[in-house]
């Protein structure tokens with residue numbers, strides 16, 4: 001069995017020590033595994049993802065992702081795309097962690113990085129939208145851009161926050177297929193927050209539910 | 001209704017009366033009285049007689065004295081109004097471009113969401129320091145350092161632009177959505193890359209709009225700094241009002257400045273509209289496509 005790429009042990013998650021959003025969080029995630037987190041709004045799912053991404057510290061316990069710098073991908077709830085820029089610009093931003101310093105200074109990504117961006121855009125089916133600004137894309141297309149950016153980044157751990165929200169069933173299915181291919185073909189461990197428990201059970205290897213301040217595994 | 005009843009019903013009258021009384025008291029202490037106002041009215045009559053009709057030869061005749069050389073053969077192109085306005089626009093352009101280039105990195109350092117607290121606090125204090133003195137006082141200082149002429153004007157306006165534009169820019173950068181920045185931080189990118197590749201493009205429309213506003217502002221203020229010898233149309237105006245006492249020409253210059261400012265205001269407003277976001281329209285930033293791959297597809 002491969003080593004976990006995310007280990008959380010006896011962690012308290014939140015902003016105030018006196019009132020943690022989540023307590024005694026235990027979680028392990030292995031490469032190629034998709035783990036879903038469900039639970040009602042405002043209960044701490046996003047805060048958990050932000051803690052794993054290193055954006056806020058855990059209140060106590062251990063949250064460790066034994067991966068190299070630049071190997072954690074994060075798709076925030078609102079996708080975190082640069083709305084005024086093009087699809088191509090947003091996708092190639094995923095290459096920044098791998099790009100040599102001189103290329104980032106002069107804003108000239110090398111041929112290999114450009115090729116990987118081109119492939120990712122093709123894989124998500126947006127080849128005809130490369131120059132279109134994000135603000136002109138539909139919700140589903142924007143999610144594809146966020147996934148393409150993660151493909152270019154080549155993370156070992158991907159954190160996706162509600163990236164299936166507000167989508168029709170057909171588009172959600174397309175995005176799920178993309179997520180599953182990331183896990184299967186690229187061996188990426190994926191932790192995904194979904195507000196739809198039924199849907200989460202259909203494509204996740206494991207589903208965890210936030211109940212009160214506890215994160216509990218859901219029987220399948 | 002007696003006065004007491006009226007005051008009971010409308011107690012605010014007392015406050016208004018108090019403010020009016022205070023204003024009268026201050027005016028008296030400053031020596032502002034009807035006699036002075038009457039004398040000013042008489043002077044205004046004399047000034048008006050001297051100013052009217054305006055002498056528009058300032059647009060048609062070649063200037064006999066200029067701070068910078070005018071090489072055009074057409075007389076109107078080297079007239080005080082046209083040469084002065086051109087020089088003012090040139091000073092404003094250089095100051096805006098120079099100020100923008102220097103204020104951008106400073107504003108990224110000053111933005112709380114992009115820099116550590118100690119660095120943003122220090123940079124904000126530096127930018128505030130540049131704004132303490134108005135461009136006119138900076139111009140006075142640089143006229144002493146470099147002598148009269150456009151160089152002093154460019155230096156003065158550039159410094160002021162850095163302080164003023166820097167503040168507008170860091171506020172725009174701080175207004176950027178946190179989501180793209182968090183995605184970038186999660187990738188493990190250093191602060192400068194988060195600022196350069198995520199915050200800057202996201203705020204680009206606001207930054208471009210501010211730059212155009214600053215150019216327009218610098219043209220308006222470029223007319224004033226000439227009064228202390230720092231080049232531009234203000235220098236001619238200052239000479240017509242002071243040394244030569246040619247109020248008819250000064251009046252013509254004021255009309256020319258007014259028309260120029262109105263035209264530039266309108267052009268700037270129309271251009272800035274292209275970069276403004278609305279609920280239904282998020283226009284594409286006109287920043288150069290920085291990645292050649294994208295430009296070539």
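The values are calculated or read from the model by the stated rules, or taken from the named source; none is laboratory data. All figures in this text were calculated on a predicted structure; none of them were measured in a lab. Backbone-built Cβ (ideal geometry, glycine too); neighbour counts: all protein chains shown.
What number of residues within the range A:148-167 are in a loop (DSSP other than H, G, I, E, B) and surrounded by fewer than 24 Cβ atoms within 10 Å (Cβ to Cβ)?
Selection size over the range A:148-167: 7.
When you go through A:147, A:179 one by one, which is the residue that is touching a residue at least 40 places away in the same chain (Cβ under 8 Å), within 26 Å of residue A:55 (Cβ to Cβ), within 11 Å of the chain's Cα centre (by Cα) and more than 13 Å from every other protein chain (Cβ to nearest Cβ)? Reasoning before the result, please.
Numbers: A:147 fails: more than 13 Å from every other protein chain (Cβ to nearest Cβ).
Among A:147, A:179, only A:179 is touching a residue at least 40 places away in the same chain (Cβ under 8 Å), within 26 Å of residue A:55 (Cβ to Cβ), within 11 Å of the chain's Cα centre (by Cα) and more than 13 Å from every other protein chain (Cβ to nearest Cβ).
Helices (runs of 4 or more DSSP H) wholly in the range B:187-297 with at least 1 residues that are in the same structural domain as residue B:102 (by TED's automatic domain parsing) and modelled with pLDDT under 90 - which ones?
Numbers: elements: B:191-194, B:204-225, B:233-241, B:247-273, B:292-296.
In the range B:187-297, the matching helices (runs of 4 or more DSSP H) lie at B:204-225, B:233-241, B:247-273, B:292-296.
Sort out which residues of the range A:80-108 are assigned to a loop (DSSP other than H, G, I, E, B), within 7 Å of chain B (Cβ to nearest Cβ), modelled with pLDDT of 85 or more and more than 15 Å from residue A:155 (Cβ to Cβ), and write them in order of number.
A:81, A:82, A:83, A:85
Touching a residue at least 40 places away in the same chain (Cβ under 8 Å) and within 22 Å of residue A:184 (Cβ to Cβ), is that true of residue A:94? Walk me through how you get there before you give the answer.
Numbers: touching a residue at least 40 places away in the same chain (Cβ under 8 Å): yes; within 22 Å of residue A:184 (Cβ to Cβ): yes.
Here the answer is yes, as residue A:94 does meet what is asked.
Okay, residues lined up against (1) assigned by TED's automatic domain parsing to the domain that holds residue B:251; (2) in contact with a helix residue (DSSP H, G or I) (Cβ under 8 Å, 6 or more places away or on another chain); (3) surrounded by 10 or more Cβ atoms within 10 Å (Cβ to Cβ):
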{"position": "B:8", "(1), (2), (3)": "no, no, yes"}
{"position": "B:17", "(1), (2), (3)": "no, no, yes"}
{"position": "B:25", "(1), (2), (3)": "no, no, yes"}
{"position": "B:30", "(1), (2), (3)": "no, no, no"}
{"position": "B:40", "(1), (2), (3)": "no, no, yes"}
{"position": "B:57", "(1), (2), (3)": "no, yes, yes"}
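Have a look at A:67, A:63 and point out the one that is within 14 Å of chain B (Cβ to nearest Cβ), without any contact (Cβ under 8 Å) to a residue 60 or more places away in the chain and under 30 Å from residue A:207 (Cβ atoms).
Details: A:67 fails: without any contact (Cβ under 8 Å) to a residue 60 or more places away in the chain.
On inspection, the qualifying residue turns out to be A:63.
Give just the number: which of (1) closer than 26 Å to residue B:247 by Cβ; (2) surrounded by 10 or more Cβ atoms within 10 Å (Cβ to Cβ); (3) modelled with pLDDT of 90 or more does residue B:36 not satisfy?
If we test residue B:36 against (1) closer than 26 Å to residue B:247 by Cβ; (2) surrounded by 10 or more Cβ atoms within 10 Å (Cβ to Cβ); (3) modelled with pLDDT of 90 or more, just (3) comes out false.
Quick one: in the range B:111-131, which of the residues that are within 21 Å of the chain's Cα centre (by Cα) and touching a residue at least 24 places away in the same chain (Cβ under 8 Å) is farthest from residue B:68 (Cα to Cα)?
From the range B:111-131, those within 21 Å of the chain's Cα centre (by Cα) are B:124-131; that's our starting set.
From what's left, touching a residue at least 24 places away in the same chain (Cβ under 8 Å): B:124, B:127-131.
On the way: B:124: 36, B:127: 31, B:128: 33, B:129: 31, B:130: 28, B:131: 28 Å.
In this case the residue turns out to be B:124.
Would you call residue B:66 assigned by TED's automatic domain parsing to the domain that holds residue B:142 and surrounded by 14 or more Cβ atoms within 10 Å (Cβ to Cβ)? Show your work before the answer.
Details: assigned by TED's automatic domain parsing to the domain that holds residue B:142: no; surrounded by 14 or more Cβ atoms within 10 Å (Cβ to Cβ): yes.
Against the criterion (assigned by TED's automatic domain parsing to the domain that holds residue B:142 and surrounded by 14 or more Cβ atoms within 10 Å (Cβ to Cβ)), residue B:66 does not qualify.
Suppose we filter the range A:182-206 for residues that are under 15 Å from residue A:162 (Cβ atoms) and either in contact with a helix residue (DSSP H, G or I) (Cβ under 6 Å, 6 or more places away or on another chain) or touching a residue at least 60 places away in the same chain (Cβ under 8 Å) (or both); how many remain? Explain how you work it out, then say what you get.
Of the range A:182-206, the ones under 15 Å from residue A:162 (Cβ atoms) are A:190-197, A:199-200, A:203-204.
Now narrow it down to the ones that are either in contact with a helix residue (DSSP H, G or I) (Cβ under 6 Å, 6 or more places away or on another chain) or touching a residue at least 60 places away in the same chain (Cβ under 8 Å) (or both): A:190-197, A:200, A:203-204.
Number of matching residues: 11.
When you go through B:162, B:144 one by one, which is the residue that is at pLDDT 90 or above, out of contact with any helix residue (DSSP H, G or I) (no Cβ under 6 Å at 6 or more places or on another chain) and assigned by TED's automatic domain parsing to the domain that holds residue B:89?
Testing whether each residue is at pLDDT 90 or above, out of contact with any helix residue (DSSP H, G or I) (no Cβ under 6 Å at 6 or more places or on another chain) and assigned by TED's automatic domain parsing to the domain that holds residue B:89 leaves just B:144.
Please go through (1) surrounded by 24 or more Cβ atoms within 10 Å (Cβ to Cβ); (2) in a helix (DSSP H, G or I) for residue B:119 and return the number of the only condition it doesn't satisfy.
With respect to (1) surrounded by 24 or more Cβ atoms within 10 Å (Cβ to Cβ); (2) in a helix (DSSP H, G or I), residue B:119 is out only on (1).
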